[in-house]
Amino acid sequence: MKNFKKLILMNVVSLIVFILISIGVKFTKLFTNLDLYVSSMFSSVTSSFLIMFSKNIHFIFDTTSMVVISIIISIFLLIKHSRKNAAFLSITMLADALILLILKLLLEIPRPISNFITETDFSFPSGHATTTVVFFGILSYLIINKYKNVNFEIALASFFMVLLISFTRLYLGIHWFSDVLGGIFLGEFILTGSLIIKHVLENGRS
């Protein structure tokens, strides 16, 4: 019950923060100076290795690619007779993709001009940042539930992946800092929301 209340608190807080960031991005210039500063800071660092590495991360962790990867993992879970976890992963990832599509179309925030990657969709929130939080959050949940003694290692690995992918978005100049920040909080909202729904369906509110 205590952990469930913490989950609800995290869900509410992440939603509120995401809404505040969205308002700041859409209707004010709250993040303009910070976005420009972070963008100029990353553009001043030139490395052929980082460019190639970031491009590979871009394609591997694209929202569509992650949905496909999630479906493959869900099929594996089905084979292992874990239907609930398979449905949990695939449905959450599909919901993640749908929510991102709707929000991008509603907010219509233009992307920064990148010298490395051409993107045609809108910028806010970052799909890579959002999907990374959701995907690795679910994987962490599933692994920790099965192997209780790896909590710290799995949490650290997931945190590292979120930071790494967020870094590549900024390094390639595909997103503003506010896009990535908003994506992280949106991802946390989707992740905790899916865990709350899963808990309620399986155990009720207790």
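Things to note:
- Some residue of the range 172-191 being in a helix (DSSP H, G or I) and under 18 Å from I144 (Cα atoms): yes
- Within the option set S40, S54, S44, being hydroxyl-bearing (S, T, Y) and surrounded by 12 or more Cβ atoms within 10 Å (Cβ to Cβ) holds for one residue only, S54.
- The selection criterion, being at pLDDT 95 or above, polar (S, T, N, Q) and either touching a Lys or Arg at 6+ places or on another chain (Cβ under 8 Å) or assigned to a helix (DSSP H, G or I) (or both), does not hold for T168.
- Applying a threshold of 9 Å to beta carbon distances and a minimum spacing of six or more residues, or different chains, the list of pairs starting in the range 7-21 at a residue that is farther than 18 Å from L103 by Cβ and ending at one that is among the charged types (D, E, K, R) reads M10/E188; V13/E188.
- Residue list for the range 166-200, restricted to those being of a type in the set (A, V, I, L, M) and touching a residue at least 40 places away in the same chain (Cβ under 8 Å): L170, L172, I174, V180, L181, I184, L186, I190, L191, L195, I196
- Of all residues in the range 38-67 being touching a residue at least 40 places away in the same chain (Cβ under 8 Å) and polar (S, T, N, Q), the one that is nearest to T118 (Cα to Cα): S54
- Among the residues of the range 92-105, those identified as out of contact with any Pro (no Cβ under 9 Å at 6 or more places or on another chain) and either charged (D, E, K, R) or free of Cβ contacts under 8 Å to residues at least 60 places away in the same chain (or both) are M93, L94, D96, A97, L98, L101, I102, L105.
- Screening the candidates L94, L100 for the property of being in a helix (DSSP H, G or I), within 28 Å of I51 (Cβ to Cβ), of a type in the set (A, V, I, L, M) and touching a helix residue (DSSP H, G or I) at 6+ places or on another chain (Cβ under 8 Å) yields one hit, L100.
- Of the set (1) farther than 22 Å from F135 by Cα; (2) touching a residue at least 60 places away in the same chain (Cβ under 8 Å), all apply to S70 but (1).
- Filter result (charged (D, E, K, R) and either surrounded by 22 or more Cβ atoms within 10 Å (Cβ to Cβ) or farther than 20 Å from S14 by Cα (or both)) within the range 150-206: E153, R169, D179, E188, E202, R205
Residues checked against (1) at negative phi; (2) surrounded by fewer than 12 Cβ atoms within 10 Å (Cβ to Cβ); (3) hydrophobic (A, V, I, L, M, F, W, C); (4) modelled with pLDDT of 85 or more:
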position: L100; (1), (2), (3), (4): yes, no, yes, yes
position: S126; (1), (2), (3), (4): yes, no, no, yes
position: G137; (1), (2), (3), (4): yes, no, no, yes
position: K146; (1), (2), (3), (4): yes, yes, no, no
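The values are calculated or read from the model by the stated rules, or taken from the named source; none is laboratory data. Since the model is a prediction, treat every value here as computed from it, not as a measurement. Heads up, the Cβs are rebuilt from the backbone with ideal geometry, glycines too, and the neighbour counts pull from every protein chain shown.
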